[in-house]
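Colleague: Next up is a structure, given as structure tokens.
The values are calculated or read from the model by the stated rules, or taken from the named source; none is laboratory data. Quick caveat: nothing in here was measured; it's all calculated off a predicted structure. All Cβ positions, even for glycine, are placed from backbone atoms using ideal geometry, and neighbour counts span all protein chains on display. Heavy atoms of the whole protein, side chains included, go into the accessibility calculation; ligands, DNA and RNA do not. Shrake-Rupley method; radii C 1.70, N 1.55, O 1.52, S 1.80 Å.
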Amino acid sequence: MSWANLSRNLILAYQSFGVVYGDLSTSPLYVFRSTLEGKLQKHHDEETIFGAFSLIFWTLTFIPLLKYVFILLSADDNGEGGTFALYSLLCRHAKFNLLPNQQAADEELSSYKYGPSSQSATSSPLKRFLERHKRLRTALLVVVLFGTCMVIGDGVLTPAISVLSSVSGIRTTERKFTDGVLVLLACVILIGLFALQHFGTHKVAFMFAPIVIVWLVSIFSVGLYNTIYWNPKIVCALSPHYIFKFFIQTGKDGWISLGGILLCITGTEAMFADLGHFTALSIRLAFAFVIYPCLVVQYMGQAAFLSKNPNSVNNTFYDSIPEPVYWPVFVIATLAAIVGSQAVITATFSIIKQCHALGCFPRVKVVHTSKHICGQIYIPEINWILMILTLAITIGFQDTTLIGHAYGLACMTVMLVTTFLMALVIIFVWQKSVLLATVFLLFFWVIEGVYLSAAFTKVPQGGWVPLVLSFIFMVVMYVWHYGTRRKYSFDLHNKVSLKWLLGLGPSLGIVRVPGIGLIYSELATGVPAIFSHFVTNLPAFHKVLVFVCVKSVPVPYVSPDERFLIGRVCPRPYRMYRCIVRYGYKDIQRDDGDFENQLIQSIAEFIQMEAVEPQFSSSESSSLDGRMAVISTRSLESTSTLIVSEHEDVSMDFSIPSSKSVTLRSLQSLYDDESPQVRRRRVRFQLPNNLGMDPAVREELLDLIQAKEAGVAYIMGHSYVKARKSASFLKKLVIDIGYSFLRKNCRGPAVALNIPHISLIEVGMIYYV
């Protein structure tokens with residue numbers, strides 16, 4: 001524990017107040033009101049209020065403190081948290097993964113081995129049972145998606161309840177404000193909040209953290225004052241004995257009121273979901289030493305005030321503020337409640353990015369907002385969808401109690417899913433006994449199950465909202481996942497036969513022209529069908545062919561040293577290679593313009609390595625689709641195979657530098673006119689004067705360099721996915737309408753992969769799945 005490490009964690013803990021804890025710390029605004037209104041109106045005596053406080057205290061202790069801070073924050077995936085991080089951990093320690101193009105080489109990644117070794121757990125009967133039944137693995141994915149959709153539901157409901165509850169405080173002094181005026185004010189604030197998101201978590205956190213800290217100091221001071229001034233005996237209610245007395249006295253009404261009590265832990269999931277933006281230690285420090293004591297003292301003060309003023313239930317928080325400090329606390333409360341929604345908006349961005357990487361969400365634009373912390377992102381499309389849904393709920397309900405019913409149900413469902421996944425992590429990742437996992441599962445499921453059962457009674461009064469939102473998002477996710485899997489399956493079953501390629505000879509029966517052709521496909525092995533489609537329709541192809549597969553692996557980040565897997569397709573005279581580019585589910589695919597150069601360098605390194613290391617060349621005879629090697633791309637200059645020289649070139653050099661075609665030259669000049677400010681770094685490769693180099697290797701490297709000088713073309717399939725005529729009505733509905741609609745309205749694969757438009761060739765393909 002160095003001083004530098006501690007100071008970094010303290011700075012991150014400070015930032016976490018503005019991002020993670022805004023929602024959790026503003027719960028005192030509405031918890032007592034939601035709990036004691038309705039069925040408990042005839043029980044406004046001291047015993048009931050003491051019991052309600054005791055319930056709040058023990059709920060805060062068991063769920064945020066014990067479950068999240070002490071247990072769940074230890075189950076990170078290379079520093080990442082959230083529902084998908086737990087699922088990714090499970091996929092690596094057991095074969096639960098439904099991602100299609102995984103390879104044994106992925107298991108050699110350094111971040112793949114995070115956590116205990118899984119060797120000793122191989123004989124687990126439970127593990128074998130789950131791996132054998134695909135339906136159980138699909139059910140696990142559905143559970144994960146359901147939990148994820150509820151987090152997105154939180155992202156819609158949190159801003160609505162936080163902002164509406166803050167502006168309704170004006171009613172305490174200004175009675176003339178109507179519901180319409182309050183809703184209009186809330187909508188203006190919400191639009192401003194979502195408009196701020198593009199600045200990124202880092203800037204938002206530094207702006208919002210001081211507000212939350214002042215708010216926490218305020219509620220702690222007011223809570224302490226109220227405890228001492230109104231009823232110091234409230235300290236006795238820390239004993240769980242008062243919980244039993246509460247239920248004996250209130251019966252069924254007390255159980256229904258739990259739907260209000262659970263609002264004291266809303267926003268807890270953000271502690272785990274936002275872990276990638278901070279560190280586990282910083283979040284633990286912030287919660288254990290600041291958030292937890294402040295919240296307990298504030299709830300204690302409100303309960304002490306209510307025990308002597310039971311008629312103030314409708315506006316407990318604002319009525320309990322001493323008059324001299326009313327306006328300063330009101331202003332801070334309003335600002336803090338606005339900040340409260342930031343936590344879940346941030347978590348929603350993180351979770352959508354993870355869903356997309358694991359093949360469960362359509363392609364969206366992901367903007368990286370921090371140079372220092374990799375997890376801090378902004379997704380414009382999701383931001384505006386969240387804003388529209390939040391405004392619809394605010395205008396539609398116009399009542400914090402009804403939104404609270406929806407909110408409580410969404411939060412509790414997420415916690416239930418997280419507990420279930422954590423129990424599996426205890427067994428398969430931590431390799432503890434099934435008994436320990438069962439004790440963990442039953443202990444927290446009993447607590448959460450009781451709360452969820454109370455929340456379900458509120459479904460007709462607003463609780464239906466998260467269920468409908470989750471259903472819509474879940475349909476989108478599952479349709480995309482299903483369509484992607486079927487498309488990959490079609491590619492896999494329609495691969496080009498290598499014997500057919502070998503039969504054509506090194507020229508492939510066509511003219512091989514100078515240049516490099518990068519053929520993009522989702523296949524990690526074999527030759528895709530688009531290649532044969534292209535070859536049979538065009539009489540010429542590039543001299544050097546590279547089959548490129550950009551894929552996600554179930555780890556958060558892949559080191560640049562391990563990103564490229566290079567191999568050979570067919571014998572050496574064919575000049576055909578394979579490159580697999582691997583990204584983690586939190587990696588950002590940056591457009592740094594260096595991909596082509598890294599690729600050439602990697603292939604050159606592979607050619608040299610193959611000549612030196614006998615296992616690569618010997619594998620050529622045994623396997624036509626040869627062995628793959630991990631090639632480090634740490635720096636271009638460090639390569640010993642090629643001499644690299646570079647200079648800046650203002651003219652855009654996209655594959656047609658010496659073209660005699662008038663049409664292509666005019667296209668080039670048009671492109672230059674549109675983007676004159678772009679300065680492109682040109683890299684030239686040369687062979688060193690190494691007399692000892694194998695002539696065949698030298699010839700192959702020269703061909704590679706000459707092909708690079710001639711230009712690079714990107715070939716992709718422009719695919720149309722349709723259901724077979726014999727398919728069921730449901731499958732036709734999912735593929736022909738659902739999946740086709742999502743593909744047409746999401747970002748194109750060429751844009752997502754940062755492929756220069758002027759060098760792109762698209763090959764039309766119809767997939768009948």
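Colleague: As a test question: what accessible area, to the nearest 10 Å², does Ile211 have when a 1.4 Å probe is rolled over all protein chains in place?
Modeller: Probe radius 1.4 Å; accessible area of Ile211 about 40 Å².
Colleague: Can you pull the percent of Cα pairs in the range 188-344 with separation above 26 Å?
Modeller: Of all Cα-Cα distances in the range 188-344, 37 percent exceed 26 Å.
Colleague: Excluding ligands, DNA and RNA, what is the solvent-accessible area per residue of the chain at a probe of 1.4 Å, expressed in Å²?
Modeller: Details: 31330 Å² over 769 residues.
Result: 41 Å² per residue.
Colleague: List the lysines whose Cα sits under 29 Å from the Cα of Lys42, skipping any in the same chain fewer than 8 residues away.
Modeller: Straight-line reach from Lys42, under 29 Å: Lys233, Lys245, Lys252, Lys308, Lys458.
Colleague: May I pose another question? Any idea what % of Cα-Cα pairs in the range 204-251 are farther than 16 Å?
Modeller: 62
Colleague: Could I ask something else about it? Over 30 Å between C-alpha atoms is what I'm after, so list which of Lys95/Lys495; Lys365/Lys499; Lys543/Lys586; Lys353/Lys731; Lys432/Lys586; Lys95/Lys708 land there.
Modeller: Lys365/Lys499; Lys543/Lys586; Lys95/Lys708
Colleague: Answer rounded, prolate or oblate for the range 335-447, using the Cα gyration tensor with square roots of eigenvalues a ≥ b ≥ c: rounded when a/c is under 1.5, else prolate when a/b is larger than b/c, else oblate. Mind showing how you got there, number by number?
Modeller: Values: a/c = 2.40, a/b = 1.33, b/c = 1.81.
The shape class here is oblate.
Colleague: Could you pull out the chymotrypsin sites (Phe, Trp or Tyr not before Pro) across the range 428-464 that fall in loop regions by DSSP (anything but H, G, I, E, B) with no more than 16 other Cβ atoms inside 10 Å? Please report the intermediate quantities before stating the final value.
Modeller: Numbers: sites: Phe428, Trp430, Phe440, Phe443, Phe444, Trp445, Tyr451, Phe456, Trp464; in loops: Trp430.
Sparse-neighbourhood loop chymotrypsin sites (Phe, Trp or Tyr not before Pro): none present.
Colleague: What does the net charge come to around Tyr87 if you take all other residues with beta carbon closer than 12 Å to its beta carbon, with K and R at +1 and D and E at -1?
Modeller: Values: positive: Arg92, Arg137; negative: Asp77, Glu80.
Combined, the nearby Lys, Arg, Asp and Glu give 0.
Colleague: Let me ask you something else. Enter the mean projected area of the convex hull around the alpha-carbon atoms of the chain, in nm², rounded to one decimal.
Modeller: It is 38.1 nm².
Colleague: Just the Cα atoms of the range 416-558, one point each, no solvent: what log10 I(q)/I(0) does Debye give at q = 0.15, 0.20 Å⁻¹?
Modeller: -0.94, -1.22
Colleague: Output the peptides 220-229, 526-535 sorted from most to least packed, where packing is the average of other Cβ atoms within 10 Å over each peptide's residues.
Modeller: 526-535, 220-229
Colleague: Quick one: helix 83-93 against the long Cα principal axis of the chain, what's the angle to the nearest 10°, folded into 0 to 90?
Modeller: 50
Colleague: Calculate, axis by axis, the spread of Cα positions in the range 463-523 along the three principal axes, and write the results as whole Å, longest axis first.
Modeller: 66, 25, 11
Colleague: While we're here: Give me the net charge of Leu545's neighbourhood, meaning all other residues with Cβ under 12 Å from the Cβ of Leu545; Lys, Arg count +1, Asp, Glu -1.
Modeller: +4
Colleague: Calculated from DSSP H runs of 4 or more alone, at -39500 (n - 2.57) each and per residue, what is the 222 nm mean residue ellipticity of the chain, nearest 500?
Modeller: -17000 deg cm²/dmol
Colleague: Moving to a separate point now. Which order do the peptides 471-483, 718-730 take when ranked by the mean count of other beta-carbon atoms within 10 Å per residue, highest first?
Modeller: 471-483, 718-730
Colleague: Let me ask something else about it. State the percentage of accessible surface on the chain attributable to carbon and sulfur atoms; use a 1.4 Å probe and exclude ligands, DNA and RNA.
Modeller: 63
Colleague: Please express the Cα-Cα pair-distance distribution P(r) of the range 256-370 as a list of whole percents, one per 5 Å bin, running from 0 to the bin with the greatest distance.
Modeller: For the range 256-370, the binned pair fractions read 2, 8, 12, 18, 18, 13, 11, 8, 5, 3, 2, 0 percent.
Colleague: OK, next. Within 10 Å, count the other beta carbons around each residue, average over each peptide in 144-157, 125-138, and list them highest first.
Modeller: Most protected by this proxy first, the peptides run 144-157, 125-138.
Colleague: Rounding to the nearest 20 debye, state how big the charge dipole of the chain is about its Cα centre with +1 on each Lys and Arg Cβ and -1 on each Asp and Glu Cβ.
Modeller: Details: 64 positive and 52 negative charges, 378 e Å.
The calculation lands at about 1820 debye.
Colleague: Let me ask something else. Relative to the present Cα-Cα distance, how much length would full extension add between Ser433 and Gln589 at 0.36 nm per residue of separation?
Modeller: 52.2 nm
Colleague: Hey, another quick one. Taking the Cβ-Cβ separation of Ser489 and Val181 as r and a Förster radius of 45 Å, what is the calculated FRET efficiency to the nearest 0.05?
Modeller: Between Ser489 and Val181 the formula returns 0.20.
Colleague: Based on the alpha-carbon gyration tensor of the range 410-498 and its eigenvalue square roots a ≥ b ≥ c, which shape applies: rounded if a/c is under 1.5, prolate if not and a/b is larger than b/c, or oblate?
Modeller: It comes out oblate by the Cα gyration axes.
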